[in-house]
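Enquirer: Dropping the structure in here first, questions after.
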Amino acid sequence: METNKIKALISLLDDPSEEIFNTVENELMKAEVEIVPELEKAWEEHPDGIFQHRIENIIHSLQFRDVRKRFRAWVTFDGDDLLTGAWLVAKYQYPELTLEELDAAINKLRKDIWLELNEHLTALEKVRILNHILFDVHGFSRNNSNFLSPQNSFICDVLDTRKGNPISLSIIYSVIANRLGLPVYGVNLPKNFILAYMDEPNNGPMITSGDESSVLFYINPINKGAVLGRREIEHFIKQQKLEPRESYYEPCSNLDIIRRVLNNLVMAYEHTGQLVKIEEIRELLAIMDEDTNVSGK
(Lines give C-alpha, C1' and ligand atoms only; values in the text may rest on other atoms or scores of the structure.)
Protein backbone atom coordinates (compact mmCIF):
# COMPACT_ATOMS: atom_id res chain seq x y z
CA MET A 1 0.00 0.00 0.00
CA GLU A 2 1.35 3.43 -0.95
CA THR A 3 2.49 5.77 1.82
CA ASN A 4 0.16 8.59 0.73
CA LYS A 5 -2.85 6.28 0.87
CA ILE A 6 -1.81 5.02 4.32
CA LYS A 7 -1.49 8.59 5.62
CA ALA A 8 -4.88 9.54 4.14
CA LEU A 9 -6.54 6.55 5.81
CA ILE A 10 -4.87 7.25 9.14
CA SER A 11 -6.10 10.85 9.07
CA LEU A 12 -9.69 9.52 9.04
CA LEU A 13 -9.29 7.38 12.16
CA ASP A 14 -10.66 10.11 14.41
CA ASP A 15 -13.87 10.46 12.38
CA PRO A 16 -16.85 10.25 14.75
CA SER A 17 -18.78 8.13 12.26
CA GLU A 18 -18.52 4.46 13.24
CA GLU A 19 -19.23 3.47 9.65
CA ILE A 20 -16.32 5.52 8.29
CA PHE A 21 -14.00 4.23 11.02
CA ASN A 22 -14.91 0.60 10.24
CA THR A 23 -14.23 1.18 6.53
CA VAL A 24 -10.86 2.81 7.27
CA GLU A 25 -9.90 0.07 9.72
CA ASN A 26 -10.74 -2.65 7.18
CA GLU A 27 -8.62 -0.92 4.54
CA LEU A 28 -5.64 -0.58 6.88
CA MET A 29 -5.93 -4.23 7.87
CA LYS A 30 -5.39 -5.17 4.22
CA ALA A 31 -1.84 -3.84 4.56
CA GLU A 32 1.14 -5.72 5.99
CA VAL A 33 2.80 -5.16 9.34
CA GLU A 34 5.33 -2.85 7.65
CA ILE A 35 2.85 0.06 7.98
CA VAL A 36 3.18 -0.01 11.79
CA PRO A 37 5.91 2.70 11.92
CA GLU A 38 3.58 5.07 10.08
CA LEU A 39 0.80 4.28 12.56
CA GLU A 40 3.16 4.81 15.50
CA LYS A 41 4.22 8.17 14.10
CA ALA A 42 0.58 9.25 13.84
CA TRP A 43 -0.03 8.07 17.40
CA GLU A 44 2.77 10.32 18.67
CA GLU A 45 1.55 13.34 16.69
CA HIS A 46 -2.13 13.10 17.73
CA PRO A 47 -2.64 13.01 21.51
CA ASP A 48 -6.40 12.49 21.18
CA GLY A 49 -7.40 9.52 23.36
CA ILE A 50 -9.90 7.88 20.99
CA PHE A 51 -7.57 8.31 18.01
CA GLN A 52 -4.65 6.77 19.92
CA HIS A 53 -6.80 3.90 21.21
CA ARG A 54 -7.95 3.06 17.68
CA ILE A 55 -4.37 3.12 16.38
CA GLU A 56 -3.17 0.91 19.25
CA ASN A 57 -5.81 -1.70 18.40
CA ILE A 58 -4.92 -1.69 14.71
CA ILE A 59 -1.20 -1.96 15.45
CA HIS A 60 -1.79 -4.91 17.77
CA SER A 61 -4.04 -6.64 15.23
CA LEU A 62 -1.45 -6.25 12.47
CA GLN A 63 1.39 -7.45 14.67
CA PHE A 64 -0.53 -10.42 16.05
CA ARG A 65 -1.58 -11.42 12.53
CA ASP A 66 2.10 -11.32 11.54
CA VAL A 67 3.04 -13.56 14.50
CA ARG A 68 0.28 -16.01 13.59
CA LYS A 69 1.49 -16.18 10.00
CA ARG A 70 5.11 -16.75 11.01
CA PHE A 71 4.08 -19.26 13.67
CA ARG A 72 1.97 -21.25 11.19
CA ALA A 73 4.96 -21.43 8.82
CA TRP A 74 7.20 -22.63 11.68
CA VAL A 75 4.71 -25.31 12.68
CA THR A 76 4.29 -26.43 9.05
CA PHE A 77 8.02 -27.17 8.92
CA ASP A 78 7.78 -29.25 12.12
CA GLY A 79 9.38 -26.58 14.27
CA ASP A 80 12.77 -27.22 12.71
CA ASP A 81 14.55 -24.61 14.90
CA LEU A 82 13.78 -24.37 18.61
CA LEU A 83 15.13 -20.84 19.02
CA THR A 84 12.82 -19.62 16.25
CA GLY A 85 9.83 -21.11 18.06
CA ALA A 86 10.85 -19.44 21.34
CA TRP A 87 11.39 -16.15 19.47
CA LEU A 88 7.89 -16.25 17.98
CA VAL A 89 6.36 -16.76 21.43
CA ALA A 90 8.34 -13.77 22.73
CA LYS A 91 7.46 -11.75 19.63
CA TYR A 92 3.81 -12.00 20.66
CA GLN A 93 4.63 -9.79 23.67
CA TYR A 94 7.54 -7.88 22.09
CA PRO A 95 6.66 -7.30 18.40
CA GLU A 96 9.91 -5.41 17.69
CA LEU A 97 12.11 -8.27 18.93
CA THR A 98 14.29 -9.73 16.18
CA LEU A 99 15.65 -13.24 15.90
CA GLU A 100 19.08 -11.68 15.36
CA GLU A 101 18.99 -10.14 18.86
CA LEU A 102 18.31 -13.52 20.45
CA ASP A 103 20.87 -15.19 18.24
CA ALA A 104 23.55 -12.74 19.36
CA ALA A 105 22.72 -13.25 23.05
CA ILE A 106 22.83 -17.04 22.68
CA ASN A 107 26.09 -16.93 20.74
CA LYS A 108 27.73 -14.78 23.40
CA LEU A 109 26.92 -17.44 26.02
CA ARG A 110 28.01 -20.19 23.63
CA LYS A 111 31.38 -18.52 23.10
CA ASP A 112 32.01 -18.26 26.86
CA ILE A 113 31.45 -22.01 27.19
CA TRP A 114 33.29 -22.94 23.99
CA LEU A 115 36.47 -21.30 25.29
CA GLU A 116 36.50 -23.81 28.18
CA LEU A 117 35.74 -26.96 26.16
CA ASN A 118 38.01 -29.37 24.34
CA GLU A 119 37.45 -32.62 22.44
CA HIS A 120 39.14 -34.77 25.09
CA LEU A 121 36.49 -34.07 27.75
CA THR A 122 33.84 -36.66 28.62
CA ALA A 123 30.13 -35.85 28.34
CA LEU A 124 29.88 -35.29 32.09
CA GLU A 125 32.90 -32.98 32.08
CA LYS A 126 31.40 -30.93 29.25
CA VAL A 127 28.13 -30.59 31.14
CA ARG A 128 29.94 -29.50 34.30
CA ILE A 129 31.61 -26.70 32.31
CA LEU A 130 28.32 -25.69 30.72
CA ASN A 131 26.67 -25.67 34.17
CA HIS A 132 29.46 -23.59 35.67
CA ILE A 133 29.31 -20.90 32.97
CA LEU A 134 25.51 -20.67 32.83
CA PHE A 135 24.62 -21.02 36.51
CA ASP A 136 27.69 -19.85 38.41
CA VAL A 137 29.22 -17.25 36.09
CA HIS A 138 26.07 -15.86 34.42
CA GLY A 139 23.70 -16.62 37.30
CA PHE A 140 20.80 -18.28 35.50
CA SER A 141 18.27 -19.63 38.02
CA ARG A 142 14.61 -20.33 38.75
CA ASN A 143 12.46 -17.24 39.28
CA ASN A 144 11.40 -18.04 42.82
CA SER A 145 10.06 -14.57 43.59
CA ASN A 146 7.55 -14.54 40.70
CA PHE A 147 7.28 -18.07 39.36
CA LEU A 148 3.87 -17.53 37.70
CA SER A 149 4.94 -14.41 35.80
CA PRO A 150 4.36 -14.53 32.00
CA GLN A 151 7.89 -13.12 31.61
CA ASN A 152 9.29 -16.53 32.60
CA SER A 153 8.03 -17.83 29.25
CA PHE A 154 9.57 -15.10 27.08
CA ILE A 155 13.14 -16.07 26.18
CA CYS A 156 14.28 -12.44 25.78
CA ASP A 157 13.23 -11.66 29.36
CA VAL A 158 14.95 -14.78 30.69
CA LEU A 159 18.15 -13.87 28.85
CA ASP A 160 17.97 -10.34 30.30
CA THR A 161 17.06 -11.16 33.91
CA ARG A 162 18.73 -14.60 34.12
CA LYS A 163 15.51 -15.77 35.83
CA GLY A 164 13.08 -18.28 34.34
CA ASN A 165 11.06 -21.45 34.74
CA PRO A 166 12.16 -25.04 34.00
CA ILE A 167 11.23 -24.98 30.33
CA SER A 168 12.66 -21.55 29.46
CA LEU A 169 15.96 -22.40 31.15
CA SER A 170 15.96 -25.75 29.34
CA ILE A 171 15.41 -24.10 25.95
CA ILE A 172 18.40 -21.79 26.46
CA TYR A 173 20.54 -24.68 27.74
CA SER A 174 19.58 -26.99 24.87
CA VAL A 175 20.06 -24.40 22.12
CA ILE A 176 23.52 -23.49 23.43
CA ALA A 177 24.48 -27.15 23.88
CA ASN A 178 23.40 -28.00 20.33
CA ARG A 179 25.47 -25.12 18.95
CA LEU A 180 28.44 -26.60 20.77
CA GLY A 181 27.77 -29.96 19.14
CA LEU A 182 26.39 -31.54 22.32
CA PRO A 183 23.34 -33.82 21.87
CA VAL A 184 21.14 -32.31 24.58
CA TYR A 185 17.37 -32.30 24.05
CA GLY A 186 14.21 -31.53 26.01
CA VAL A 187 12.22 -34.17 27.89
CA ASN A 188 8.54 -33.35 28.45
CA LEU A 189 8.36 -34.46 32.08
CA PRO A 190 5.17 -33.30 33.88
CA LYS A 191 5.57 -30.85 36.77
CA ASN A 192 9.13 -30.19 35.65
CA PHE A 193 11.04 -30.02 32.38
CA ILE A 194 14.44 -31.63 32.04
CA LEU A 195 17.02 -32.42 29.39
CA ALA A 196 18.51 -35.64 28.08
CA TYR A 197 22.14 -36.01 27.00
CA MET A 198 22.00 -38.60 24.24
CA ASP A 199 24.51 -41.37 23.65
CA GLU A 200 27.00 -40.80 20.87
CA PRO A 201 30.33 -42.47 20.01
CA ASN A 202 33.18 -41.52 22.36
CA ASN A 203 30.85 -40.05 24.97
CA GLY A 204 31.78 -42.66 27.56
CA PRO A 205 29.76 -45.32 29.36
CA MET A 206 26.03 -44.99 29.84
CA ILE A 207 24.94 -44.36 33.41
CA THR A 208 21.19 -44.91 33.14
CA SER A 209 19.46 -48.13 34.04
CA GLY A 210 17.25 -48.20 30.93
CA ASP A 211 17.95 -51.30 28.86
CA GLU A 212 17.19 -49.81 25.46
CA SER A 213 17.40 -46.09 26.09
CA SER A 214 20.02 -44.13 24.20
CA VAL A 215 20.04 -41.48 26.94
CA LEU A 216 23.37 -41.16 28.70
CA PHE A 217 21.98 -39.10 31.56
CA TYR A 218 19.51 -36.36 32.39
CA ILE A 219 20.11 -32.70 33.26
CA ASN A 220 17.90 -30.58 35.52
CA PRO A 221 18.44 -26.89 34.59
CA ILE A 222 16.15 -25.68 37.38
CA ASN A 223 18.64 -27.17 39.86
CA LYS A 224 21.84 -25.67 38.38
CA GLY A 225 22.14 -28.46 35.82
CA ALA A 226 22.16 -31.36 38.31
CA VAL A 227 22.87 -34.66 36.55
CA LEU A 228 20.30 -37.42 37.05
CA GLY A 229 19.97 -41.07 36.11
CA ARG A 230 16.83 -42.90 35.03
CA ARG A 231 16.17 -44.10 38.59
CA GLU A 232 15.85 -40.52 39.82
CA ILE A 233 13.27 -39.84 37.12
CA GLU A 234 11.38 -43.00 38.07
CA HIS A 235 11.40 -41.88 41.71
CA PHE A 236 10.10 -38.42 40.75
CA ILE A 237 7.26 -39.95 38.71
CA LYS A 238 6.22 -42.18 41.62
CA GLN A 239 6.52 -39.28 44.06
CA GLN A 240 4.23 -37.15 41.90
CA LYS A 241 1.80 -40.08 41.52
CA LEU A 242 2.03 -39.97 37.74
CA GLU A 243 1.19 -42.82 35.42
CA PRO A 244 4.56 -43.96 33.96
CA ARG A 245 5.06 -43.29 30.25
CA GLU A 246 8.11 -43.86 28.08
CA SER A 247 7.74 -40.29 26.78
CA TYR A 248 8.76 -39.07 30.25
CA TYR A 249 12.23 -40.52 29.65
CA GLU A 250 12.87 -39.70 25.98
CA PRO A 251 13.46 -36.44 24.06
CA CYS A 252 10.38 -34.67 22.76
CA SER A 253 9.93 -32.55 19.63
CA ASN A 254 10.40 -28.80 19.36
CA LEU A 255 6.66 -28.56 18.74
CA ASP A 256 6.00 -30.28 22.08
CA ILE A 257 8.34 -27.84 23.82
CA ILE A 258 6.71 -24.72 22.39
CA ARG A 259 3.23 -26.14 23.02
CA ARG A 260 4.16 -26.44 26.68
CA VAL A 261 5.52 -22.87 26.73
CA LEU A 262 2.19 -21.65 25.35
CA ASN A 263 0.22 -23.68 27.89
CA ASN A 264 2.35 -22.14 30.64
CA LEU A 265 1.50 -18.71 29.26
CA VAL A 266 -2.23 -19.49 29.36
CA MET A 267 -1.89 -20.41 33.04
CA ALA A 268 0.15 -17.27 33.73
CA TYR A 269 -2.45 -15.03 32.09
CA GLU A 270 -5.25 -16.85 33.91
CA HIS A 271 -3.44 -16.00 37.14
CA THR A 272 -3.38 -12.30 36.18
CA GLY A 273 -6.88 -12.30 34.65
CA GLN A 274 -5.78 -11.17 31.18
CA LEU A 275 -8.61 -12.72 29.17
CA VAL A 276 -7.72 -11.23 25.77
CA LYS A 277 -4.18 -12.56 25.98
CA ILE A 278 -5.49 -15.99 26.98
CA GLU A 279 -7.64 -16.13 23.86
CA GLU A 280 -4.77 -15.00 21.62
CA ILE A 281 -2.37 -17.61 23.01
CA ARG A 282 -5.07 -20.22 22.46
CA GLU A 283 -5.18 -19.11 18.83
CA LEU A 284 -1.51 -20.03 18.53
CA LEU A 285 -2.19 -23.37 20.20
CA ALA A 286 -5.04 -23.95 17.74
CA ILE A 287 -2.57 -23.55 14.86
CA MET A 288 -0.58 -26.46 16.31
CA ASP A 289 -3.75 -28.51 16.68
CA GLU A 290 -4.73 -27.80 13.06
CA ASP A 291 -1.34 -29.05 11.86
CA THR A 292 -1.63 -32.17 13.99
CA ASN A 293 -5.09 -32.95 12.61
CA VAL A 294 -4.07 -32.33 8.99
CA SER A 295 -0.83 -34.32 9.14
CA GLY A 296 -2.15 -37.02 11.46
CA LYS A 297 0.86 -36.58 13.76
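The values are calculated or read from the model by the stated rules, or taken from the named source; none is laboratory data. Just so it is clear, the model here is predicted, and its values are computed rather than measured. Cβ: placed from backbone, ideal geometry, glycine included. Neighbour counts: every protein chain shown.
Enquirer: Of the residues that sit in the range 38-94 and are at pLDDT 95 or above and among the basic types (Lys, Arg), which one is nearest to Leu12 (Cα to Cα)?
Expert: Arg65
Enquirer: Could you identify the single residue in Lys126, Lys111 that is in the same structural domain as Lys224 (by TED's automatic domain parsing) and buried (at least 20 other Cβ atoms within 10 Å of the Cβ)?
Expert: Going through Lys126, Lys111 in turn, the sole match is Lys126.
Enquirer: Let me spell it out: the conditions are (1) part of a helix (DSSP H, G or I); (2) under 27 Å from Arg282 (Cβ atoms); (3) not assigned by TED's automatic domain parsing to the domain that holds Ser174, and Lys91 meets all of them except one. Which number is the exception?
Expert: Only one criterion is unmet by Lys91, namely (3).
Enquirer: Conditions: (1) under 26 Å from Phe140 (Cβ atoms); (2) assigned to a helix (DSSP H, G or I); (3) charged (D, E, K, R). Glu116 meets all but one. Number of the miss?
Expert: Result: Glu116 fails condition (2) only.
Enquirer: In addition: Can Leu102 be described as touching a Leu at 6+ places or on another chain (Cβ under 8 Å) and under 24 Å from Leu265 (Cβ atoms)?
Expert: Details: touching a Leu at 6+ places or on another chain (Cβ under 8 Å): yes; under 24 Å from Leu265 (Cβ atoms): yes.
Spelling it out, Leu102 is indeed touching a Leu at 6+ places or on another chain (Cβ under 8 Å) and under 24 Å from Leu265 (Cβ atoms).
Enquirer: Then there is this: Of the residues in the range 219-277, how many are among the hydroxyl-bearing types (Ser, Thr, Tyr) and within 24 Å of Glu290 (Cα to Cα)?
Expert: Total satisfying the criteria: 3.
Enquirer: Let me ask something additional. Which members of the range 223-254 meet the condition of being crowded, with 19+ Cβ neighbours inside 10 Å and within 20 Å of the chain's Cα centre (by Cα)?
Expert: Answer for the range 223-254, where residues must be crowded, with 19+ Cβ neighbours inside 10 Å and within 20 Å of the chain's Cα centre (by Cα): Gly225, Pro251, Asn254.
Enquirer: Suppose the filter is assigned to a helix (DSSP H, G or I), touching a residue at least 24 places away in the same chain (Cβ under 8 Å) and exposed (fewer than 15 other Cβ atoms within 10 Å of the Cβ); does Lys30 pass it?
Expert: no
Enquirer: Filter the range 126-162 down to residues that are closer than 24 Å to Gly85 by Cα and in contact with an Asp or Glu (Cβ under 8 Å, 6 or more places away or on another chain), then give me how many there are.
Expert: 3
Enquirer: Among Arg72, Arg54, Arg65, which is the only one that is in contact (Cβ under 8 Å) with a residue 60 or more places away in the chain and either surrounded by 14 or more Cβ atoms within 10 Å (Cβ to Cβ) or not assigned by TED's automatic domain parsing to the domain that holds Leu262 (or both)?
Expert: Arg72
Enquirer: Can we say Ile176 is within 15 Å of Ala90 (Cβ to Cβ) and modelled with pLDDT of 95 or more?
Expert: Values: within 15 Å of Ala90 (Cβ to Cβ): no; modelled with pLDDT of 95 or more: yes.
Criteria not met by Ile176.
Enquirer: Let me ask something else about it. For the range 176-188, give me each residue that is buried (at least 21 other Cβ atoms within 10 Å of the Cβ) and assigned to a helix (DSSP H, G or I).
Expert: Ile176, Ala177
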